[in-house]
Amino acid sequence: MSNEGQLTADEIALYDRQIRLWGTDTQLRLRSAKVLVVNLGGIGSETVKNLVLGGLNTIEILDGSVVKEEDFAAQFFLPNDDSVVGDLKLPLVLPRIQELNPRVNLSINTTKLEDVPLSYYKNFDLVVATEVTKEQILAINKITRDHKIPLFVAGEHGMFGYIFTDLIEHSSTKEHTVGNHPRQPGTKINEVKEVVKVDLKGDGETELVTIVDKFVPLSVIFSSSKLPLQLNKRQLKRLTGALPLILALFEFKRPTNPEEIIDTAQLLEKAEQVCDVLGVSRHVITEEDLRNFATQCYTEFSPVAAILGGFLAQDIIQFFGKKDSPINNCLIFDGLRSEAPIYFL
């Protein structure tokens with residue numbers, strides 16, 4: 001998207017092509033879906049852009065914040081006008097978002113997150129919460145899990161970021177060419193994915209394979225010790241230090257001053273405790289990782305927001321499309337390594 005927030009002709013053509021490829025069933029599900037996006041920061045802006053262009057029926061944005069100077073770095077829906085600093089954000093961006101696709105039912109809620117009753121989340125088919133605290137994640141996840149509402153959580157720390165998912169249970173069906181060893185129902189792909197059904201199409205050369213993903217509450221992510229069970233010694237040694245550092249940052253209060261640097265000794269202590277819980281070596285945390293996180297935590301980089309927002313929107317659309325297995329349950333983005341591994345924790 002251009003700096004002015006307008007799509008180029010190439011971007012419009014790409015989205016039109018993608019919509020056609022999704023198929024009728026996916027489009028029908030998208031056109032009946034009601035999605036809540038919590039907080040319109042960098043990742044939230046990118047996610048909303050992609051979902052609006054994807055043709056979702058209804059999107060509500062919950063964000064009671066006012067515009068801050070640092071918001072202009074990655075939140076392209078804002079007008080290029082410093083005079084709006086201090087004004088409520090959502091009324092300023094709503095018309096520009098609506099321009100992308102007038103057919104989408106778009107609404108805003110400027111209530112502060114801490115003042116929203118938990119019952120509010122029951123009004124939606126899917127919830128996306130960005131840049132939220134650990135306490136907020138657990139509270140939102142309690143109500144979404146109780147009412148079987150899928151939940152995506154995402155956040156960014158400069159060149160690093162994450163996506164956590166609790167979609168309760170998800171079934172997807174995909175076509176595969178029949179191989180020498182046909183797939184069998186009851187086959188476990190890993191601890192959270194299982195082949196439950198295999199149908200042979202009329203040509204005899206194509207299988208329709210149904211996979212069920214089972215999810216755990218997001219609270220499990222913060223106390224999981226499953227990594228050594230899914231990664232070999234080489235993979236554990238190459239584990240990105242971004243994982244323990246991201247989880248460690250949930251134990252800190254988000255600074256009000258964007259230039260504030262977190263104490264590296266405290267951050268290292270918390271991250272090493274996370275390594276012990278995860279069952280991985282403390283040596284995965286390098287001095288460079290520690291320095292980068294201490295200086296970049298909670299900051300928004302536009303390219304990273306675009307990548308994470310793209311991952312997030314694509315996975316949401318795949319969730320409704322039921323043709324691919326979604327992220328289950330932890331994606332960690334490491335921009336310095338150009339990696340985005342997925343772990344189930």
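Here the Gaussian network model covers the chain, with springs between Cα atoms less than 10 Å apart; of I59, I108, I189, I189 fluctuates the most. Considering only alpha-carbon pairs that sit under 8 angstrom and 6 or more positions apart, the relative contact order computed for the stretch 176-248 is 21 percent.
Of the solvent-accessible surface of the stretch 91-223, computed with a 1.4 Å probe and all protein chains present, 51% belongs to carbon and sulfur.
Taking the Cβ-Cβ separation of A73 and R337 as r and a Förster radius of 30 Å, what is the calculated FRET efficiency to the nearest 0.05? With R0 = 30 Å, the Cβ-Cβ based efficiency is 0.85. Spin-label pair S302-R183: with each label point 7 Å from Cα along the Cα-Cβ axis, the two points sit 4.1 nm from one another. Once the Cβ-Cβ distance of D81 and Q273 is raised to the sixth power relative to R0 = 41 Å, the FRET efficiency obtained is 0.40. The residues of the stretch 202-275 have, on average, 55 Å² of accessible surface per residue, using a 1.4 Å probe with all protein chains present. Note on K112 and K214: the extension gain reaches 33.5 nm, defined as 0.36 nm multiplied by sequence separation minus the Cα-Cα distance.
The label-point distance for S171 and R103, in a model that sets each label 7 Å from Cα toward Cβ, rounds to 2.8 nm. Computed from phi, the 3J(HN,Hα) profile of the stretch 155-171 under the Karplus parametrisation 6.51, -1.76, 1.60 (θ = phi - 60°) reads x, 9, 9, x, 7, 10, x, 8, 9, 10, 9, 9, 9, 6, 8, 9, 10 Hz, with x in place of Gly and Pro.
Using 24 Å as the Cα-Cα cut-off, could you pick out the over-long pairs in K134/K193; K148/K201; K49/K322; K34/K188; K34/K68; K134/K214? Checking Cα-Cα distances, K134/K193; K148/K201; K34/K188; K34/K68 exceed 24 Å. Taking the Cα centre of each part, how many Å lie between the stretch 290-345 and the stretch 130-202? Each part's Cα centre sits 14 Å from the other's. Taking a span of 27 Å or more along the helix axis (Cα atoms) and a mean Kyte-Doolittle hydropathy of at least 0.0 as the rule, the DSSP H helices of the chain that qualify are 302-321. With a cut-off of 17 Å on the backbone N, the residues of the stretch 126-156 near the modelled label site 7 Å out from F252 along Cα-Cβ are 131-135, 155-156. Between the labelled values (i) 24, 44, 26, 6; (ii) 30, 54, 16, 0; (iii) 29, 58, 13, 0, the entry that holds P(r) over Cα pairs in 20 Å bins from 0, in percent as derived from this structure is (iii). The trypsin sites (Lys or Arg not before Pro) of the stretch 244-285 that DSSP puts in a loop, and whose beta carbon has at most 11 other beta carbons within 10 Å, are K253. Take the Cα of E194, step 7 Å toward its Cβ, do the same at D263, and the gap between the two points is 4.8 nm.
The values are calculated or read from the model by the stated rules, or taken from the named source; none is laboratory data. All values derive from a computational prediction rather than experimental measurement. All Cβ positions, glycine included, derive from the backbone under ideal geometry; neighbour counts span all protein chains shown. Accessible surface areas use protein heavy atoms only, side chains included; no ligands, DNA or RNA. Shrake-Rupley method; radii C 1.70, N 1.55, O 1.52, S 1.80 Å.
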